[in-house]
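Enquirer: One structure coming up, written as C-alpha cells, with questions to follow.
The values are calculated or read from the model by the stated rules, or taken from the named source; none is laboratory data. Remember, predicted model here, so these are calculated numbers, not experimental data. Cβ placement follows ideal geometry from the backbone for every residue including glycine, while neighbour counts extend to all protein chains displayed.
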Amino acid sequence: MDLLNTLVDKGLRRELPTREEALAVLATSDDDLLDVVAAAGKVRRHWFGRRVKLNYLVNLKSGLCPEDCSYCSQRLGSKADILKYTWLKPDEASEAAAAGLAGGAKRVCLVASGRGPTDRDVDRVSETIKAIKDQNEGVEVCACLGLLSDGQAERLREAGADAYNHNLNTSEATYGDITTTHTYADRVDTVTKAHAAGLSACSGLIAGMGESDEDLVDVVFSLRELDPDSVPVNFLIPFEGTPLAKEWNLTPQRCLRILAMVRFVCPDVEVRIAGGREVHLRTMQPLALHLANSIFLGDYLTSEGQAGKADLEMIADAGFEVEGADQVTLPEHRASGGCHQDASDGCHDGASGGCHDGGVCGTAADAAPSVNEPRTDLVAVRRRGAGTDLAPNA
C-alpha cells in the first residue's frame, strides 16, 4: 500500500504526515489492519527497538474534584462508586510506589485530583518526590496535579520531578463539549509551563468520547506542535455515574488504528498505552506493543487494570523486553534536549490534572459477547492499593 510505504519513510525521517494521510490511517479497513500495524511497527522499532517502558500510577488524592470533565469518575457530581481519600503521606506514597518499582516499573506517576495544586500542595508533593527518590535510586518521577500556576513547575523540578503530565484529551473544537470548568487553552498553558521549567512534558489524549476522525487527528497534530516527550493514549472507560457512561464507541481494531496514527505523527516520542487497554484492546493487547513502546503496569487511578504479572508475561510472550533503569527511553536527539522536528516542520516548545481513568462495575457475561458488544464485564472499580488496606496490583 503506497500510503503505508510513504508513512514509514516519513516516520524514519521524523517528517510530519499530512492530515489527509493521518485520516487515511483511521479509515483503513479491517482487512488491512495487520499491514497498518506492521508499517507503524517498523517506525516504532527504528526509534525504540523492542523495549517496553513500564510506568506505575500512585493516586495521591482520590475523588471530590471540583472540575466537571465528563469522562472522569472523580468529577464534580460524579456518582461513580470509587475510592475517595485525601492526600497520602509521603511514606505511604513511597510504599505504594515501591510495589510498582519491584514489578519492573521505571517511572512513578504521582497523580492528584483537583483543578490544580496550591503552594502547600506543591510542598507536600515535593516531600513525596524526595521520599521516593531517596529510597529508589534512578527512578523517574512524573507529577500530574492539574493546572499549574506560575513558578510551580520550577518548584517541582527543584524537588526532583523529572516530568509533568497534563493531557489535551480532545480537539480544541470539541473541548467545550467535554469540560466547562476550564479551557483547552488552560491545558496548553500548563504544558508550556512544564516544558519551560525543564520538565519532560507528558501530554496525550482520550479516544472513544464520541469524537470524529478529524477530532483525533486535530488533537494529535496539536500534540506534535507542543512537542511532549511522552504521549499517553487513553481509551475511554465509560464510568457509570458520569455523563459518558453510555459511550461505548471503540473496537480493538479501532484502537490499533488510533495507536498507529499516533505513531506515524509522533514517530520518535514515547507512545504509552494508558487507561482502557484491557477493556477495549482485550486479547489484541500484544499487537499494540508493536505500536506503543510504553504501558502502565497494574491498576489505574480508579479502575483495576490487568494483573502486573500478566503484563510482564504478555510483554515476554510477544517478543519484547522490559526497558531497564540503565537504558535511555528516548532517541539520542531527544534525550539530549532540543526540538525533535526538522527545521522544515517548525520547532515548538511546550504538558491533566484530569489524568484520565475510568471503569464500569460489571459482572461476567453468561455467554460470549458479539463482535461489537461492549465488554463491561472486563471493568472493575479499583478497591486495592494506595488509599486502601489491600496490597496493590503489581
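Enquirer: Evaluate segment 96-117: report whether one residue or more is of a type in the set (Ser, Thr, Tyr) and assigned to a helix (DSSP H, G or I).
Expert: No: segment 96-117 contains no residue that is of a type in the set (Ser, Thr, Tyr) and assigned to a helix (DSSP H, G or I).
Enquirer: Moving on to the next point. Taking Asp377 as the residue in question, decide whether it is under 26 Å from Cys69 (Cα atoms), modelled with pLDDT under 90 and in a helix (DSSP H, G or I).
Expert: The answer is yes for Asp377.
Enquirer: Condition check: within 19 Å of Pro232 (Cβ to Cβ), touching a strand residue (DSSP E or B) at 6+ places or on another chain (Cβ under 9 Å) and surrounded by 18 or more Cβ atoms within 10 Å (Cβ to Cβ). Does Thr128 satisfy that?
Expert: no
Enquirer: If you don't mind, another one. If I filter segment 198-230 down to residues being out of contact with any His (no Cβ under 8 Å at 6 or more places or on another chain) and small (Gly, Ala, Ser), which single residue comes out as surrounded by the most Cβ atoms within 10 Å (Cβ to Cβ)?
Expert: If we take residues in segment 198-230 being out of contact with any His (no Cβ under 8 Å at 6 or more places or on another chain) and small (Gly, Ala, Ser), then Gly204 is surrounded by the most Cβ atoms within 10 Å (Cβ to Cβ).
Enquirer: Would you be able to say whether some residue in segment 71-94 is of a type in the set (A, V, I, L, M, F, W, C), part of a helix (DSSP H, G or I) and over 30 Å from Ala260 (Cα atoms)?
Expert: Yes.
Enquirer: Could you check Glu21 against (1) in contact with a Ser or Thr (Cβ under 8 Å, 6 or more places away or on another chain); (2) surrounded by fewer than 16 Cβ atoms within 10 Å (Cβ to Cβ) and say which number it fails?
Expert: All conditions pass for Glu21, except number (2).
Enquirer: Checking the conditions here, which among Val233, Val219 is at pLDDT 95 or above and assigned to a helix (DSSP H, G or I)?
Expert: Matching residue, one of Val233, Val219: Val219.
Enquirer: Given (1) outside any helix (DSSP H, G or I); (2) closer than 25 Å to Ala80 by Cβ, where does Val279 come up short, assuming only one miss?
Expert: Only one criterion in (1) outside any helix (DSSP H, G or I); (2) closer than 25 Å to Ala80 by Cβ is unmet by Val279, namely (1).
Enquirer: Also: With among the aliphatic types (A, V, I, L, M), over 18 Å from Trp47 (Cβ atoms), at pLDDT below 60 and over 23 Å from the mean Cα position of the chain (by Cα) as the only criterion, which of Ala351, Ala365, Ala391 stands out?
Expert: It is Ala365.
Enquirer: Can you name the number of the only condition in (1) in contact with a Pro (Cβ under 6 Å, 6 or more places away or on another chain); (2) under 28 Å from Thr251 (Cβ atoms) that Ala131 fails?
Expert: Unmet for Ala131, out of (1) in contact with a Pro (Cβ under 6 Å, 6 or more places away or on another chain); (2) under 28 Å from Thr251 (Cβ atoms): (2).
Enquirer: Quick check on my filter: what residues within segment 236-258 are in a helix (DSSP H, G or I) and either more than 18 Å from Ser171 (Cβ to Cβ) or in contact with a His (Cβ under 6 Å, 6 or more places away or on another chain) (or both)? Walk me through how you get there before you give the answer.
Expert: Quick first cut of segment 236-258, residues in a helix (DSSP H, G or I) only: 252-258.
Within segment 236-258, Pro252, Gln253, Cys255, Leu256 qualify.
Enquirer: Quick one: how many residues across segment 253-287 are within 18 Å of Val25 (Cβ to Cβ) and either among the hydrophobic types (A, V, I, L, M, F, W, C) or in contact with an Asp or Glu (Cβ under 9 Å, 6 or more places away or on another chain) (or both)?
Expert: Number of matching residues: 18.
Enquirer: Out of all the residues in segment 64-92, which are more than 19 Å from the chain's Cα centre (by Cα) and crowded, with 17+ Cβ neighbours inside 10 Å?
Expert: The answer is Cys65, Glu67, Asp68, Ser78, Ala80, Ile82, Leu83, Leu88, Pro90.
Enquirer: What residue, of Thr183, Thr192, Thr174, is crowded, with 19+ Cβ neighbours inside 10 Å, β-branched (Val, Ile, Thr) and at pLDDT 95 or above? Steps first, answer last, please.
Expert: Values: Thr183 fails: crowded, with 19+ Cβ neighbours inside 10 Å; Thr174 fails: crowded, with 19+ Cβ neighbours inside 10 Å.
The unique qualifying residue is Thr192.
Enquirer: Now for a different question. Give segment 246-295 a look and list any residue that's crowded, with 24+ Cβ neighbours inside 10 Å, in contact with a Gly (Cβ under 6 Å, 6 or more places away or on another chain) and hydrophobic (A, V, I, L, M, F, W, C), or say none.
Expert: Phe264, the sole residue that qualifies.
Enquirer: Right, something else. In segment 270-287, which residue that is more than 14 Å from the chain's Cα centre (by Cα), at pLDDT 95 or above and among the hydrophobic types (A, V, I, L, M, F, W, C) is farthest from Ala201 (Cα to Cα)?
Expert: Applying the filter and picking the extreme gives Met284.
Enquirer: Determine if segment 149-172 includes at least one residue that is of a type in the set (D, E, K, R), under 30 Å from Ala98 (Cβ atoms), part of a loop (DSSP other than H, G, I, E, B) and over 20 Å from the mean Cα position of the chain (by Cα). Steps first, please.
Expert: So in segment 149-172, the residues of a type in the set (D, E, K, R) come out as 150, 154-155, 157-158, 162, 172.
Narrowing further to those that are under 30 Å from Ala98 (Cβ atoms): 154-155, 157-158, 162.
From what is left, the residues that are part of a loop (DSSP other than H, G, I, E, B) are 162.
Remaining after also requiring over 20 Å from the mean Cα position of the chain (by Cα): none.
No, that holds for no residue.
Enquirer: Here's something else I'd like to know. Of all the residues that make up segment 222-264, how many are touching a Ser or Thr at 6+ places or on another chain (Cβ under 9 Å) and either over 25 Å from Thr283 (Cβ atoms) or aliphatic (A, V, I, L, M) (or both)?
Expert: Selection size over segment 222-264: 13.
Enquirer: Another question, if that's okay. Please name all residue pairs, on different chains or six or more residues apart, with Cβ atoms under 7 Å, provided the first residue is in segment 19-43 and is over 12 Å from Phe264 (Cα atoms) and the second residue is surrounded by 14 or more Cβ atoms within 10 Å (Cβ to Cβ) and of a type in the set (S, T, N, Q).
Expert: Asp30/Gln253; Leu33/Gln253
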